[in-house]
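Written out below as structure tokens is the structure these notes cover.
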Amino acid sequence: MQLDDFRVLSVLSQELNMRKAAERLFVSQPALSQRLQSLEKQWGTQLFIRSQKGLTITPEGEKVAAYAAEMLRQEESLRNELTSLQTKTHGTLKIAVASLIGQYWLPALLKSFVESYPLVQISLFTGWSSEVLKAFYEGDVHIAIVRGSHEYPGKKVHLFTEQLYLADTEISDLSMLEQTNKPFIQFKSDSTYYVQIQNWWHEMFAQPPQRTIVVDQIETCKQMVQNGIGYAILPATVLQGAENVHKLSLTAGGKQLTRETWMLANEASLKLKQVSAFAELVRNFVQK
């Protein structure tokens, strides 16, 4: 049976009169009579008794009419739900972000997003910017947030620029680096960040650091600096709340040493409500 069949049975059971039912259904009485005969044939039983006074519904007809009414109620409920979904933001948001952003910046943003759009499911990938870019270019994510400068012909939004500092518990002047025995603590990162730091060092000093320690995570690097084990070059975000640490500004080519953060998105993804909502929230978040 189709929805129109359910409506016919529902109206007939309510009116119990062929003329009135035909008027409500905007059909002729002969057409409605034929439709009823066809429905009774489908069900294999008489649903209504015809008489000059009108229609009398049979016990079988009552059951079929109740079933038809329930189907119409379910259809209405489903339509209301679909209409609600059209007005609300839902679906899956796939994002990839650089590890540092995922650790220090993203949690507060995602908290705000989840509170505003509770129906959206979030798929998150974190890694080096090169890994994030790979996931983005291969179409695995809708939005990428990366560190450093990267060429991209599509939608590219600059989020913020942050300064890089040399951090240490004892070194209060860059000239002290040539005499210190403390190790230069580095964390594994993208080649662009590594090259940026190496270029700065070679511009400032003729010799490489006397000792180096390489750790996996930037947070480990920060903790080792705070505990006086060595010095490191870290972005401002990481050094927020770091106590008893000297933070020395760095310059290269007469300009402060900085690190940029960008959001990348393709135009097709931005047509999805959940993606455009996240992109808009990111823009508003960085402007606060």
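Readers should treat all values here as calculations from the given coordinates under stated rules, not as data from a laboratory. Bear in mind that the values here come from a model prediction, so they are computed numbers and not experimental data. Glycine also receives a Cβ, built like all others from the backbone with ideal geometry; neighbour counts cover every protein chain displayed.
Quick rundown of the values:
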quantity: Exposed chymotrypsin sites (Phe, Trp or Tyr not before Pro) absent: longest stretch of the chain, with sites in DSSP loops and at most 13 other Cβ within 10 Å deemed exposed; calculated: 27-204
quantity: Under 14 Å from the Cα of Lys188 - aspartates and glutamates, other chains or at least 8 residues apart; calculated: Glu131, Asp216, Glu219
quantity: Cα→Cβ-extended label distance, 7 Å offset, between Leu78 and Leu3, nm; calculated: 0.8 nm
quantity: His158, His142 arranged by Cβ crowding within 10 Å, fewest neighbours leading; calculated: His158, His142
quantity: Mean ellipticity per residue at 222 nm, deg cm²/dmol - from DSSP H runs of n ≥ 4 across the chain, formula -39500 (n - 2.57); calculated: -14500 deg cm²/dmol
quantity: Considering only the chain, percent of DSSP beta bridges that pair antiparallel, nearest 5; calculated: 65 percent
quantity: Alpha-carbon centroids, the range 19-55 and the range 138-183: separation in whole Å; calculated: 77 Å
quantity: Residue range of the chain that is longest and free of GluC sites (Glu not before Pro) which are both DSSP loop and sparsely packed (at most 16 other C-beta within 10 Å); calculated: 1-137
quantity: Rounded if a/c under 1.5, otherwise prolate or oblate - the range 161-258, Cα gyration tensor axes; calculated: rounded
quantity: Paramagnetic reach from Ser33 (point 7 Å along Cα→Cβ, amide N under 19 Å) across the range 50-80; calculated: 50-58
quantity: Computed label-point distance, nm, for sites Gln179 and Ser116 using a 7 Å Cα→Cβ extension; calculated: 5.3 nm
quantity: FRET efficiency, 1/(1 + (r/R0)^6) with R0 35 Å, evaluated for Lys134 and His202 via beta carbons; calculated: 0.75
quantity: Global form of the chain, assessed from the alpha-carbon gyration tensor, a/c cut-off 1.5; calculated: prolate
quantity: Tensor-based shape of the range 3-87 (alpha-carbon gyration tensor, a/c under 1.5 rounded, otherwise prolate or oblate); calculated: prolate
quantity: Candidate lysines - alpha carbon under 29 Å from Lys182, same-chain residues fewer than 8 apart omitted; calculated: Lys222, Lys247, Lys255
quantity: Candidate aspartates and glutamates - alpha carbon under 17 Å from Lys288, same-chain residues fewer than 8 apart omitted; calculated: Glu162, Glu280
quantity: Choice from Ala96, Ala144, Ala66 with maximal GNM fluctuation in the chain (Cα, 10 Å cutoff); calculated: Ala66
quantity: Mean Cα-pair separation over length for the range 3-87, i.e. relative contact order, pairs under 8 Å, 6 or more apart, %; calculated: 34 percent
quantity: Hz values of 3J(HN,Hα) by residue in the range 250-259 - Karplus curve (6.51, -1.76, 1.60), Gly and Pro given as x; calculated: 10, 10, 9, x, x, 10, 4, 7, 9, 9
quantity: Rough spin-label spacing in nm, given labels placed 7 Å along Cα→Cβ, for Asp216 and Phe125; calculated: 2.0 nm
quantity: Sorted by Cβ density within 10 Å, fewest first, the residues Ile229, Ile171; calculated: Ile229, Ile171
quantity: Cα lying deepest toward the dipole's positive end in the chain, options Tyr117, Ala144, Gln46, charges on Cβ; calculated: Gln46
